[in-house]
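Visitor: A single structure is presented below for examination.
The values are calculated or read from the model by the stated rules, or taken from the named source; none is laboratory data. Being a predicted model, the structure only gives us computed values, none of them experimental. Heads up, the Cβs are rebuilt from the backbone with ideal geometry, glycines too, and the neighbour counts pull from every protein chain shown. Note: accessible area is taken over every heavy atom of the protein model, side chains too, but ligands, DNA and RNA are not part of it. Shrake-Rupley method; radii C 1.70, N 1.55, O 1.52, S 1.80 Å.
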2 protein chains.
Amino acid sequence: MSVTAAKGFTAAGVAAGIKESGAPDLALVVNQGPRRAAAGVFTSNRVKAAPVVWSEQVLKGGAVTAVVLNSGGANACTGPLGFQDTHATAERVAEALGHSAGEVAVASTGLIGLRLPMDKLLPGVDKAVAELSAHGGEKAAIAIRTTDTVHKTAVAEGAGWTVGGMAKGAGMLAPGLATMLVVLTTDADVEAPALDAALRAATRTTFDRIDSDGCMSTNDTVLLLSSGASGVVPEPDAFAEAVRTVCADLARQLIGDAEGASKDIRIEVTGAATEDEAVEVGRSIARNNLLKCAIHGEDPNWGRVLSAIGTTSATFDPDQLDVAINGVWVCRKGSFGEDRALVDMRYREVRITAHLAAGDATAVIWTNDLTADYVHENSAYSS
Amino acid sequence: MSVTAAKGFTAAGVAAGIKESGAPDLALVVNQGPRRAAAGVFTSNRVKAAPVVWSEQVLKGGAVTAVVLNSGGANACTGPLGFQDTHATAERVAEALGHSAGEVAVASTGLIGLRLPMDKLLPGVDKAVAELSAHGGEKAAIAIRTTDTVHKTAVAEGAGWTVGGMAKGAGMLAPGLATMLVVLTTDADVEAPALDAALRAATRTTFDRIDSDGCMSTNDTVLLLSSGASGVVPEPDAFAEAVRTVCADLARQLIGDAEGASKDIRIEVTGAATEDEAVEVGRSIARNNLLKCAIHGEDPNWGRVLSAIGTTSATFDPDQLDVAINGVWVCRKGSFGEDRALVDMRYREVRITAHLAAGDATAVIWTNDLTADYVHENSAYSS
């Protein structure tokens, strides 16, 4: 279903030859209207890939006709020529569709520091345009994969309208060098400012709260396009919730497919003074390599959780910290609590709860374990 | 030579039975005077082990007669009873030596969240006291090992005086859950405030600039003790330099023995607007798991260096960044530079230079690669 679940969109995924393997590597999503409103959220990394610089500019207009995405090359750190390549890609799409390049967003993922093979990419664009279909969402989702083992799609239905989307990657919106690219589409009739508000609210508590390896990509891009093809103006809260549902679904899939991971770890911080502090503590726990190794070894090593909390500036008294792993409160009042032998860690999902006893705010951060497979995957070849 | 290289110190290292393996696990360093001045630097983790809380208090007096150190248990997150255990350990040492417990520093390393086996530790103290020797420094260095594959000692000679020391661990002064414990001794006649100044200046550019895995321990402790037994009041700059030399030597040994590491990585940041910004950038590079995996795979993946720099708040223009790996400027002006195939990465030491083109400040941070062995070591058992 993917990006073509909502009416008014066509998509395609083709093998342009950017990847030496011959696997699909170019996707195109086209908004057939009648509305062409769009919103976008991009990496906060200060080293931004050319397509991010380009697309941020496009999104300022609040209208997107098409999104062209490639795997097989990030087009980051490629200088002015790399930016020209992004521009040329958008122009090729615009020419083929008879629209302005200023309404064509571009997203890329792959190795940093290499020029894209434009002699393959541009003919690939033509091929994708020729294959555009109202059933092309699945193929588009497949074409944006890099180290992904599965393609990721999600759909939520509203009252007469639909939100659908696709994602690739294994990381966080800001972090995640395994670049995260997401395109969401809807046939609900929503203007750009409302799309922007719904998208930012959704990403803040979904993509922004998954943290695979703490590494921030140069290319992360999340786009939301509205065709208005349903003719229905949605109730704002219901629309926001649908966007959030699709984002949460895709975010969960990203963590589940994180590079080399064997455990999905849900970190819930409770009793925080503020939501920001809850997020800070959750992220610190999520980024502790020693804890991530322990979880991989099915070792409920709560001392590493406390060590991670101790590095933050959040409000707490070390003697009042409680930590549960899979429901067993192994740490009470900053010291040992229930018997750690009671913790059952055989399953893929691991739940860590850290209670700060400093207020009522909470946050959930998702991460994964650190494994030898992660090391192999990220050391055996350039990615 | 270790902590007994300087005159006026005795030491011992014994197997008290804290470690189930029967390996040496308790060390004692005694300052025989005539001076008993001391300075200390401790973890900045807000979750502090009982011995850190105790020793910080002891050091406020500026005098230390003895340091008792144990491996086999961190005595962290053990509540009031854990603090009583530390207190009882100091008392036992004080009684045996006929001094005040208020001048006995305690340091512990090992698993967090378990009480120490005091029925073994206290008789171990008696055993260590009985074995104190002016040649005991080596044995003391051996007894504080946990996952260390070698024991670490260093010595620097001044004009009629000596600075020596021992260390255990593989991490950073602040970070490094593989707790870092360091005891330095000198027979130079130096009062506590001058010791403190020399120690803080030295740790700031040595232990504070190694970052094995970004994890901050609850137990890190660095102590400097002066016996004054040489009778020589050193020239302040020469003394500070000797302390720095010993710290730098030990810090380099710690990185060289980091858990599972196959590469030692020297990150030099140049052209920074301030030294703090140079350190921030260096640390961000040092903590990038994807880069650390790439280095393990001998892949000069400079894009990951730029991604790491891009996450900092340091002053720089992305289009002016230069990066060299082992002397080859693979990135020039934020884009590809010299051929990455020219980078020879066969050797253990890897040098990364990041030039920010924003000023004249520099800093060097040491880290190591991320390997499957690190994962195995930290997931196969609790540590």
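Visitor: Quickly run through the range A:87-125 and pick out the residues that are open to solvent by less than 20 Å² (accessible area, probe 1.4 Å) and farther than 25 Å from residue B:300 by Cβ.
Guide: Those that are open to solvent by less than 20 Å² (accessible area, probe 1.4 Å) and farther than 25 Å from residue B:300 by Cβ: A:89, A:90, A:93, A:94, A:101, A:104, A:105, A:106, A:107, A:121, A:124, A:125.
Visitor: Now a separate question. Read through the list (1) at pLDDT below 95; (2) part of a loop (DSSP other than H, G, I, E, B); (3) surrounded by fewer than 23 Cβ atoms within 10 Å (Cβ to Cβ), then give the number of the only condition that residue B:258 fails.
Guide: (3)
Visitor: Same structure, new question: Mind listing whichever residues of the range B:113-146 are of a type in the set (Asp, Glu) and over 30 Å from residue A:323 (Cβ atoms)?
Guide: Initially, the range B:113-146 is screened for residues of a type in the set (Asp, Glu), giving B:119, B:126, B:131, B:138.
Hits for the range B:113-146 are B:126, B:131, B:138.
Visitor: Please verify whether residue A:53 is hydrophobic (A, V, I, L, M, F, W, C) and open to solvent by 50 Å² or more (accessible area, probe 1.4 Å), treating the condition exactly as stated.
Guide: Values: hydrophobic (A, V, I, L, M, F, W, C): yes; open to solvent by 50 Å² or more (accessible area, probe 1.4 Å): yes.
It is true that residue A:53 is hydrophobic (A, V, I, L, M, F, W, C) and open to solvent by 50 Å² or more (accessible area, probe 1.4 Å).
To keep it simple, each residue is scored yes or no on (1) modelled with pLDDT of 95 or more; (2) within 14 Å of chain A (Cβ to nearest Cβ); (3) over 24 Å from residue B:380 (Cα atoms); (4) part of a helix (DSSP H, G or I).
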| residue | (1), (2), (3), (4) |
| --- | --- |
| B:262 | no, yes, no, no |
| B:266 | yes, no, yes, no |
| B:278 | yes, no, yes, yes |
| B:282 | yes, no, yes, yes |
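Visitor: Also, I was wondering about something else. Taking the condition under 30 Å from residue A:114 (Cα atoms) and of a type in the set (Gly, Ala, Ser), does residue A:357 pass? It would help to see each step written out before you state the result.
Guide: Details: under 30 Å from residue A:114 (Cα atoms): no; of a type in the set (Gly, Ala, Ser): yes.
Spelling it out, it is not the case that residue A:357 is under 30 Å from residue A:114 (Cα atoms) and of a type in the set (Gly, Ala, Ser).
Visitor: Considering only residues that are among the small types (Gly, Ala, Ser) and outside any helix (DSSP H, G or I), look in the range A:140-157 and name the one that is farthest from residue A:253 (Cα to Cα).
Guide: So in the range A:140-157, the residues among the small types (Gly, Ala, Ser) come out as A:140-141, A:143, A:154, A:156.
So of that shortlist, the ones also outside any helix (DSSP H, G or I) come out as A:154, A:156.
Working: A:154: 9, A:156: 15 Å.
Top of the filtered list is A:156.
Visitor: Out of the residues in the range B:105-120 that are among the hydrophobic types (A, V, I, L, M, F, W, C) and in contact with a Phe, Trp or Tyr (Cβ under 9 Å, 6 or more places away or on another chain), which is nearest to residue B:377 (Cα to Cα)? So that I can check it myself, show each step before the final result.
Guide: So the first thing to find is which residues in the range B:105-120 are among the hydrophobic types (A, V, I, L, M, F, W, C), and the list is B:105-107, B:111-112, B:114, B:116, B:118.
Restricting the remaining residues to those that are in contact with a Phe, Trp or Tyr (Cβ under 9 Å, 6 or more places away or on another chain) gives B:105-106, B:112, B:114.
Values: B:105: 30, B:106: 27, B:112: 16, B:114: 20 Å.
Result: B:112.
Visitor: Taking the residues in the range A:191-247 that are open to solvent by 10 Å² or more (accessible area, probe 1.4 Å) and within 14 Å of chain B (Cβ to nearest Cβ) as candidates, determine which candidate is farthest from residue A:364 (Cα to Cα).
Guide: The extreme case among them is A:216.
Visitor: I'd like to know if the range B:211-230 contains one or more residues that are on the phi > 0 side of the Ramachandran plot and modelled with pLDDT of 95 or more. It would help to see each step written out before you state the result.
Guide: The initial filter retains those residues of the range B:211-230 that are on the phi > 0 side of the Ramachandran plot, namely B:214, B:228.
Within this subset, residues satisfying the condition of being modelled with pLDDT of 95 or more are B:228.
Checking the range B:211-230: at least one residue is on the phi > 0 side of the Ramachandran plot and modelled with pLDDT of 95 or more.
Visitor: Shifting gears a bit: I'd like to check something: does the range B:350-360 contain any residue that is at the interface with chain A (Cβ under 9 Å from one of its Cβ atoms) and under 23 Å from residue B:259 (Cα atoms)? Please lay out each step first, then the result.
Guide: Initially, the range B:350-360 is screened for residues at the interface with chain A (Cβ under 9 Å from one of its Cβ atoms), giving none.
The answer is no, given that none of the residues of the range B:350-360 is at the interface with chain A (Cβ under 9 Å from one of its Cβ atoms) and under 23 Å from residue B:259 (Cα atoms).
Visitor: While we're looking at this one, here's another question. Looking only at the range A:303-332, which residues are open to solvent by 10 Å² or more (accessible area, probe 1.4 Å) and at the interface with another protein chain (Cβ under 7 Å from one of its Cβ atoms)?
Guide: A:311, A:318
Visitor: Answer with yes or no whether residue A:133 is more than 14 Å from chain B (Cβ to nearest Cβ), open to solvent by 40 Å² or more (accessible area, probe 1.4 Å) and of a type in the set (S, T, N, Q). Steps first, please.
Guide: Values: more than 14 Å from chain B (Cβ to nearest Cβ): yes; open to solvent by 40 Å² or more (accessible area, probe 1.4 Å): no; of a type in the set (S, T, N, Q): yes.
Here the answer is no, as residue A:133 does not meet what is asked.
Visitor: Would you check if there is a residue in the range B:70-79 being surrounded by fewer than 22 Cβ atoms within 10 Å (Cβ to Cβ), touching a strand residue (DSSP E or B) at 6+ places or on another chain (Cβ under 8 Å) and either within 14 Å of chain A (Cβ to nearest Cβ) or closer than 23 Å to residue B:126 by Cβ (or both)? Step through it out loud before you land on a result.
Guide: The initial filter retains those residues of the range B:70-79 that are surrounded by fewer than 22 Cβ atoms within 10 Å (Cβ to Cβ), namely B:79.
Next, from what is left, pick out any that are touching a strand residue (DSSP E or B) at 6+ places or on another chain (Cβ under 8 Å): B:79.
Okay, now just the ones that are also either within 14 Å of chain A (Cβ to nearest Cβ) or closer than 23 Å to residue B:126 by Cβ (or both), so B:79.
Scanning the range B:70-79 turns up at least one residue that is surrounded by fewer than 22 Cβ atoms within 10 Å (Cβ to Cβ), touching a strand residue (DSSP E or B) at 6+ places or on another chain (Cβ under 8 Å) and either within 14 Å of chain A (Cβ to nearest Cβ) or closer than 23 Å to residue B:126 by Cβ (or both).
Visitor: Then there's this: If I go through the range B:367-378 residue by residue, how many of them are under 15 Å from residue B:283 (Cα atoms) and either of a type in the set (Ser, Thr, Tyr) or at pLDDT 95 or above (or both)?
Guide: Going through the range B:367-378 one residue at a time, the tally reaches 1.
Visitor: If you check A:16, A:23, which single one turns out to be assigned by TED's automatic domain parsing to the domain that holds residue A:138, buried (at least 22 other Cβ atoms within 10 Å of the Cβ) and at pLDDT 95 or above? Step through it out loud before you land on a result.
Guide: On the way: A:23 fails: buried (at least 22 other Cβ atoms within 10 Å of the Cβ).
Selected residue: A:16, the only one of A:16, A:23 that is assigned by TED's automatic domain parsing to the domain that holds residue A:138, buried (at least 22 other Cβ atoms within 10 Å of the Cβ) and at pLDDT 95 or above.
Visitor: Test residue B:124 against the stated conditions and say whether it is more than 14 Å from chain A (Cβ to nearest Cβ), in contact (Cβ under 8 Å) with a residue 24 or more places away in the chain and not in a helix (DSSP H, G or I).
Guide: It is false that residue B:124 is more than 14 Å from chain A (Cβ to nearest Cβ), in contact (Cβ under 8 Å) with a residue 24 or more places away in the chain and not in a helix (DSSP H, G or I).
Visitor: Going by what's in this entry, would residue B:314 be described as part of a loop (DSSP other than H, G, I, E, B) and on the phi > 0 side of the Ramachandran plot?
Guide: Details: part of a loop (DSSP other than H, G, I, E, B): yes; on the phi > 0 side of the Ramachandran plot: no.
The answer is no for residue B:314.
Visitor: Which condition number in (1) within 12 Å of another protein chain (Cβ to nearest Cβ); (2) more than 25 Å from residue B:218 (Cα to Cα); (3) open to solvent by less than 30 Å² (accessible area, probe 1.4 Å); (4) in contact (Cβ under 8 Å) with a residue 12 or more places away in the chain is the one that residue A:379 fails?
Guide: The single condition residue A:379 does not satisfy is (4).
Visitor: Applying the selection to the range B:350-366, what residues are touching a helix residue (DSSP H, G or I) at 6+ places or on another chain (Cβ under 9 Å), open to solvent by 40 Å² or more (accessible area, probe 1.4 Å) and more than 14 Å from residue B:282 (Cβ to Cβ)?
Guide: B:357
Visitor: Here's something else I'd like to know. Would a scan of the range B:187-200 turn up a residue that is touching a strand residue (DSSP E or B) at 6+ places or on another chain (Cβ under 6 Å), β-branched (Val, Ile, Thr) and under 26 Å from residue B:70 (Cβ atoms)?
Guide: No, the range B:187-200 contains no residue that is touching a strand residue (DSSP E or B) at 6+ places or on another chain (Cβ under 6 Å), β-branched (Val, Ile, Thr) and under 26 Å from residue B:70 (Cβ atoms).
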